Ligand SMILES: Nc1ncnc2c1ncn2[C@@H]1O[C@H](COP(=O)(O)OP(=O)(O)OP(=O)(O)O)[C@@H](O)[C@H]1O
Ligand SMILES: [Mg+2]
């Protein structure tokens, strides 16, 4: 059993709060991702689990043990760092075997573990090479091999793919998912790359400025961001966010945004009224804006400001009343810069946030 539980973890460096009052449970054998912008406290949180950093407050539990006072080497975990620091003068075999030799495993056992690991990672033919003779992706696998041979209950990975080119990253991403399935260990994976987080994590936690913003499945966090930070951080292109205010049409609560009254589904209208919020931010994902949508729809009008073609689709920026909206539109549509343009959204795709508390309003 190796669930990892962060219980009220705070870490201060002088007067910098790297992590603030983090309470979070990672389940046994889960692939869990910590996601957030640079400096939000991801590495610090991971180093606290590893025992490389002591929390200022709170406790770390691994399995049924409180390990806050347990030294790193006795925590039954392995960490893979961003700069995977292999020993340059040692062969691949020796790099992978090094930790096992330090732990006084027998020669036969070391050999078996190293050969199992390189078979899993598909680098069996590289055992005699030195790190300088390997590609970035191969070096990455050697670093993973070093972690795997330890057979830990928990793997901690800090942006392990960030040094690889984009094609290799995609490949290593699926290999890590497979590795996780095969090893049946708990993975805590740190990244600032939302695509990695969305594709790899069974669940993810979004951090900002040391604070936990939201925990959930990738789909849940994407569909229902709990606050404006998460709404703006997850998604590419980012969610459109427009200043808005509550209004009434025919006695029914709606919002006025970008010069347009936006009717709301009943449940959302009720929650808006109950919230008592006086200033709002309205959010719409770029894929929910289209040239037309099935009625009933709300339509924004403006001029095309920018057309970015991605081959499979195009991102159209439309200027409306001092705001701009980005829409993802089928590549087949002919759209010209400067043309007048209409973008429609169905009411069920409108999201609302309280502009003063930054919290989500609505189901
Ligand atoms: N040893 C330290 N001394 C002082 N401040 C530190 C120390 N380590 C981290 N910090 C600060 O704590 C905050 C969190 O740092 P951390 O390295 O955990 O961020 P991160 O989310 O991993 O960022 P990145 O994505 O850039 O790696 C930052 O403001 C950082 O400057
Ligand atoms: Mg970091």
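Can you find a residue in the stretch 161-183 that is assigned by TED's automatic domain parsing to the domain that holds residue 62, closer than 15 Å to residue 200 by Cα and within 16 Å of ligand 2 (Cβ to nearest atom)?
Yes, some residue in the stretch 161-183 is assigned by TED's automatic domain parsing to the domain that holds residue 62, closer than 15 Å to residue 200 by Cα and within 16 Å of ligand 2 (Cβ to nearest atom).
Under the condition of being surrounded by fewer than 17 Cβ atoms within 10 Å (Cβ to Cβ) and at pLDDT 90 or above, which residue from the stretch 288-303 is nearest to residue 345 (Cα to Cα)?
299
Given the conditions (1) within 16 Å of ligand 2 (Cβ to nearest atom); (2) closer than 21 Å to residue 183 by Cβ; (3) not in a strand (DSSP E or B), which single one is not true for residue 52?
Unmet for residue 52, out of (1) within 16 Å of ligand 2 (Cβ to nearest atom); (2) closer than 21 Å to residue 183 by Cβ; (3) not in a strand (DSSP E or B): (2).
Of all residues being surrounded by 18 or more Cβ atoms within 10 Å (Cβ to Cβ) and more than 19 Å from the chain's Cα centre (by Cα) in the stretch 6-19, which is nearest to ligand 1 (Cβ to nearest atom)? Just the residue, please.
Top of the filtered list is 11.
Within the stretch 83-106, count every residue that is in a loop (DSSP other than H, G, I, E, B) and crowded, with 16+ Cβ neighbours inside 10 Å.
4
Working only within the stretch 178-209, note down all residues that are buried (at least 16 other Cβ atoms within 10 Å of the Cβ) and part of a helix (DSSP H, G or I).
Those that are buried (at least 16 other Cβ atoms within 10 Å of the Cβ) and part of a helix (DSSP H, G or I): 179, 180, 183, 194, 196, 197, 198, 200.
Kindly provide the set of residues from the stretch 130-165 that are surrounded by fewer than 17 Cβ atoms within 10 Å (Cβ to Cβ), modelled with pLDDT of 90 or more and assigned to a loop (DSSP other than H, G, I, E, B), ordered by number.
Result: 130, single match.
I need a count of the residues in the stretch 119-129 that are farther than 15 Å from residue 180 by Cα, touching a helix residue (DSSP H, G or I) at 6+ places or on another chain (Cβ under 6 Å) and either within 16 Å of ligand 2 (Cβ to nearest atom) or part of a helix (DSSP H, G or I) (or both).
2
Among the residues of the stretch 20-29, how many are part of a strand (DSSP E or B), away from ligand 2 (no atom under 16 Å from the Cβ) and under 18 Å from the mean Cα position of the chain (by Cα)?
Summing the residues that are part of a strand (DSSP E or B), away from ligand 2 (no atom under 16 Å from the Cβ) and under 18 Å from the mean Cα position of the chain (by Cα) in the stretch 20-29 gives 4.
Kindly indicate whether residue 353 is more than 26 Å from residue 220 (Cβ to Cβ), surrounded by 12 or more Cβ atoms within 10 Å (Cβ to Cβ) and outside the structural domain of residue 220 (by TED's automatic domain parsing).
No, not satisfied.
Go through the stretch 42-73 and count every residue that is away from ligand 1 (no atom under 15 Å from the Cβ), touching a residue at least 12 places away in the same chain (Cβ under 8 Å) and over 26 Å from residue 139 (Cβ atoms).
Number of matching residues: 12.
Looking at the stretch 30-49 only, could you name the residues that are within 17 Å of residue 219 (Cα to Cα) and either away from ligand 2 (no atom under 12 Å from the Cβ) or not in a strand (DSSP E or B) (or both)?
The answer is 30, 31, 32, 33, 36.
I'd like to check something: does the stretch 73-81 contain any residue that is surrounded by 15 or more Cβ atoms within 10 Å (Cβ to Cβ), in contact with a strand residue (DSSP E or B) (Cβ under 6 Å, 6 or more places away or on another chain), outside any helix (DSSP H, G or I) and modelled with pLDDT of 95 or more?
No, the conditions are met nowhere in the stretch 73-81.
The values are calculated or read from the model by the stated rules, or taken from the named source; none is laboratory data. Because the structure is predicted, anything quoted here is derived from the model rather than measured. When we count neighbours, we look across all protein chains shown, and the Cβ atoms used for this are built from the backbone with ideal geometry, even at glycine.
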